[in-house]
Amino acid sequence: MIGTVVNTTTILLGSITGSLLKKGIGDRYKTVMLDAMGLAATALGINAIVEAMPNSKYHVLFIVSLAIGGLLGTRLSLDIAFERVIRRISGEGNLAKGLSTAILLFCAGTLSILGPMESALHGDNTYLFTNAILDGITSTVLASTFGLGIALAAAVLFLWQGSIYLLAHVISPFLTADLLTELSLIGGVLIFSSGLSILHIKEIRTLNLLPALLVPPIAMGFLSIFGF
């Protein structure tokens with residue numbers, strides 16, 4: 001799991017660096033950094049959508065997934081529960097928005113899914129080392145805006161990638177290119193919505209949409225059973 005450890009470490013180092021930068025800059029610059037992070041998240045989300053959508057074989061699945069996931073997430077009030085936990089840990093209400101964006105950026109990407117599988121099955125950490133560099137830079141920018149609390153995303157990433165690593169032999173037959181495409185498409189939409197929220201263009205409860213990521217594996221599992 002050396003790749004996951006390295007990935008987790010770069011997020012921690014990036015968070016510490018970013019939080020130190022935050023203390024040394026004025027409010028005007030913090031606003032600029034916040035806007036920059038919002039624009040970056042929006043651009044990354046659009047890029048993921050544009051790359052994944054042409055390869056999707058189930059053109060309405062992501063729409064159905066977002067609808068079902070949104071209903072389930074709203075019923076469970078995931079956003080309220082998450083904000084409550086973050087306030088207890090850090091005492092900062094604004095951190096929840098940045099931390100949810102960080103978790104999506106770090107965990108919803110293809111590299112963060114394929115990386116631990118390649119590491120477990122073939123001993124290849126290339127994807128994870130590449131992801132570590134990207135996440136280190138991203139965590140620095142996020143922490144310079146939202147503070148050291150972004151480091152909490154490192155724990156989530158470790159559990160996420162660690163679980164995939166340990167279950168790699170079990171889930172590898174099911175993690176097809178088509179499923180990865182659908183997950184990337186939905187992940188792109190979620191990252192895009194986080195960007196819109198940070199920019200205050202539209203306040204979207206992105207956390208309530210997270211269950212949408214569970215729908216494609218279930219739906220495609222049923223389709224495969226019936227030979228579609």
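The values are calculated or read from the model by the stated rules, or taken from the named source; none is laboratory data. Treat the numbers as computed from the prediction; the structure is a model and nothing was measured. Note: ideal-geometry Cβ built from the backbone for every residue, glycine included; neighbour counts use all protein chains shown. Quick note on the areas: whole protein, heavy atoms, side chains included, nothing else; ligands and nucleic acids left out. Shrake-Rupley method; radii C 1.70, N 1.55, O 1.52, S 1.80 Å.
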inquiry  = With the condition being within 27 Å of Thr17 (Cβ to Cβ), I'd like the helices (runs of 4 or more DSSP H) fully within region 149-215 carrying at least 3 qualifying residues.
reply    = 152-166, 177-198
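Per-residue answers, yes or no, for (1) more than 13 Å from the chain's Cα centre (by Cα); (2) of a type outside the set (Val, Ile, Thr); (3) more than 26 Å from Lys30 (Cα to Cα):
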{"position": "Ala154", "(1), (2), (3)": "no, yes, no"}
{"position": "Gly162", "(1), (2), (3)": "yes, yes, yes"}
{"position": "Tyr165", "(1), (2), (3)": "yes, yes, yes"}
{"position": "Glu182", "(1), (2), (3)": "yes, yes, yes"}
{"position": "Phe192", "(1), (2), (3)": "no, yes, no"}
{"position": "Ile201", "(1), (2), (3)": "yes, no, no"}
{"position": "Ile204", "(1), (2), (3)": "yes, no, no"}
{"position": "Leu207", "(1), (2), (3)": "no, yes, no"}
{"position": "Pro211", "(1), (2), (3)": "no, yes, yes"}
note = Of all helices (runs of 4 or more DSSP H) fully inside region 29-136, the set with 2 or more residues that are at pLDDT below 90 is 78-90, 95-107, 110-122
Positions within region 69-82 being within 17 Å of the chain's Cα centre (by Cα) and open to solvent by 40 Å² or more (accessible area, probe 1.4 Å), in sequence order = Leu78, Phe82
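Would you check which residues across region 165-182 are under 17 Å from Leu105 (Cα atoms) and among the aliphatic types (A, V, I, L, M) and list them?
Scanning region 165-182 gives a single hit, Leu180.
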note = Filtering region 169-228 down to residues that are in contact (Cβ under 8 Å) with a residue 60 or more places away in the chain and basic (Lys, Arg) yields Arg205
ask   = Among the numbered criteria (1) modelled with pLDDT of 85 or more; (2) touching a helix residue (DSSP H, G or I) at 6+ places or on another chain (Cβ under 7 Å); (3) under 24 Å from Gly69 (Cβ atoms), which single criterion is violated by Ala177?
value = (2)
inquiry  = Checking Leu142 against (1) open to solvent by 40 Å² or more (accessible area, probe 1.4 Å); (2) closer than 30 Å to Asp35 by Cβ, only one condition comes out false. Which one?
reply    = (1)
note = If we keep only residues of region 51-88 that are out of contact with any helix residue (DSSP H, G or I) (no Cβ under 7 Å at 6 or more places or on another chain) and of a type in the set (Lys, Arg), then the residue nearest to Pro211 (Cα to Cα) is Arg75
